[in-house]
Amino acid sequence: VYGGASYHSGALMTASDAALNIDLLDIHALLQLPPPRWLIQDVLPEGDYSVLWGPSEQGKSFVALDWAACLALGRPWEEHPCLQGPVVYIAAEGGRGIQKRVRALMAKYAVNDIPGLYFLVKPLYVREEGVIEAFLDELADQDIWPGLIIIDTLSRSFGGGEENASADMGEFIDTVTRMAAG
């Protein structure tokens, strides 16, 4: 999940938004929109949400954690330039077991610290009433303004409902979009 940009190509338009915010663009206006900014060049856009998807046990969490470290450190990821900025990693599955992975990443990058990388080591049930607001308030209280928030895993942060039900998934995406907007 990403925040900070005013243009959200991944944002959902709700009925109330539609009444207030319909800006039809002709081809000339469309072509004048600014190009996307990248957190990780050509990999991870800024101001949007993305999904890192694949079969179980294939290393998605390692990739996401590597992205987080590169962004927090301001180092390229696999030769892709990164914007440096704070990252919040929600380790909803495995919790404190992520310590071993973080130590391995610190060894990989030969660092003793990764300033700007923060962890929540329990699920954040984003679909529950008031959870996102409380989370964003806590970030503001700690003066943390992340450029990237990683939710790992979707299934552990989904809360009640059915991931394969379009209404429930739509609610999840809408909530994540609100989180990205800050």
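The values are calculated or read from the model by the stated rules, or taken from the named source; none is laboratory data. Since this is a predicted model, take the numbers as computed values, not measurements. When we count neighbours, we look across all protein chains shown, and the Cβ atoms used for this are built from the backbone with ideal geometry, even at glycine. Only protein heavy atoms, including side chains, enter the accessible area calculation; ligands, DNA and RNA are left aside. Shrake-Rupley method; radii C 1.70, N 1.55, O 1.52, S 1.80 Å.
Which of the residues spanning the range 41-57 are open to solvent by less than 80 Å² (accessible area, probe 1.4 Å), under 16 Å from the mean Cα position of the chain (by Cα) and free of Cβ contacts under 8 Å to residues at least 40 places away in the same chain?
Val43, Leu52
Please find, within the range 26-40, the residue that is farthest from Leu148 (Cα to Cα) out of those that are without any contact (Cβ under 8 Å) to a residue 40 or more places away in the chain and surrounded by 10 or more Cβ atoms within 10 Å (Cβ to Cβ).
Per the stated criteria, the residue is Ala29.
Can you give me the number of residues within the range 58-86 that are in contact (Cβ under 8 Å) with a residue 40 or more places away in the chain, touching a Lys or Arg at 6+ places or on another chain (Cβ under 8 Å) and open to solvent by 60 Å² or more (accessible area, probe 1.4 Å)?
1
If a residue has to be open to solvent by 70 Å² or more (accessible area, probe 1.4 Å) and under 12 Å from the mean Cα position of the chain (by Cα) to count, how many in the range 165-180 make the cut?
Of the residues in that region, 1 qualify.
List the number of the failed condition for Thr177; all other conditions in (1) out of contact with any helix residue (DSSP H, G or I) (no Cβ under 9 Å at 6 or more places or on another chain); (2) at pLDDT 85 or above hold.
The number of the failed condition is (2).
Let me confirm something: among Leu44, Leu25, which residue is touching a Leu at 6+ places or on another chain (Cβ under 8 Å), closer than 30 Å to Ala140 by Cβ and at pLDDT 90 or above?
Values: Leu25 fails: closer than 30 Å to Ala140 by Cβ.
Only one candidate qualifies: Leu44.
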